1. Using alpha carbons only, how many degrees (0 to 90, rounded to 10) separate the axis of helix 84-110 from the longest principal axis of the chain?
2. Helix 12-30 sits at what angle to the longest principal axis of the chain, using alpha carbons and giving 0 to 90 degrees rounded to 10?
3. Rg and Dmax of segment 9-189, using alpha carbons, in Å: what are they?
4. Given a 10 angstrom Cα cut-off, can you work out which residue in 124, 34, 21 is the most mobile in a GNM of the chain?
5. Give, in nm to one decimal, the length gained when the segment between residue 152 and residue 47 is fully stretched (0.36 nm per residue of separation minus the Cα-Cα distance).
6. Would you list 155, 69 from fewest to most Cβ contacts within 10 Å?
7. Please check: in the Gaussian network model of the chain (C-alpha springs, under 10 Å), which one of 129, 16, 81 has the largest mean-square fluctuation.
8. Measure nothing but the geometry: give the 0 to 90° angle between the long axis through the Cα atoms of 116-131 and the longest principal axis through the Cα atoms of the chain, rounded to 10°.
């Protein structure tokens, strides 16, 4: 019954790769924010644009990798990627994700940088919890962890990059590894 109502082609390796991309992006952001400022008055506008482009690159790489690895897994299992379950998963998680993206973009435009990382974590977590009803329950629990981390990041300002890196980097690597060994590896061995 789970196969007909749940989208089960999500790739654990996609989670691992998204986490790696996030950690690389966080490392570059750290360098831009804290290491590369040798001049007396750094150009904040230029740094802001660089951070925006960096975040966009990490997002595009993560989504592209997820689509590619999920499609590959579905083909290997003889399943369709686009079906009723995947449609429900995307529709359910899409609203909180799109709302969060718009909210974070508005914060960025207005210069409220200190709340962007918590906002990303909170809305992403809400999207995962909503979408989790149409796939493995592990997705829902990743969402709960992201929400908790977003609330903690709001409570402890000044560590935004750390919380963002932990939520999108470390948690994704842990989640992806667990998913791979729980669902992907057993199927690729058979």
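Read the figures in this text as sums done on the coordinates, not as results from a lab. Bear in mind that the values here come from a model prediction, so they are computed numbers and not experimental data. Here the Cβ is made from the backbone with ideal geometry for all residues, glycine too, and neighbour counts use every protein chain on show.
1. Roughly 0 degrees between the two axes.
2. Helix 12-30 sits at roughly 0 degrees to that axis.
3. Expressed in Å, the Cα Rg and Dmax of segment 9-189 come to 17.1, 59.
4. Comparing 124, 34, 21 in the GNM, the peak value goes to 34.
5. On the way: separation 105, 0.36 × 105 = 37.80 nm, distance 2.60 nm.
The span from residue 152 to residue 47 would gain 35.2 nm if fully extended.
6. Details: 155 8, 69 22.
Result, fewest neighbours first: 155, 69.
7. 81
8. Approximately 10 degrees, to the nearest 10.
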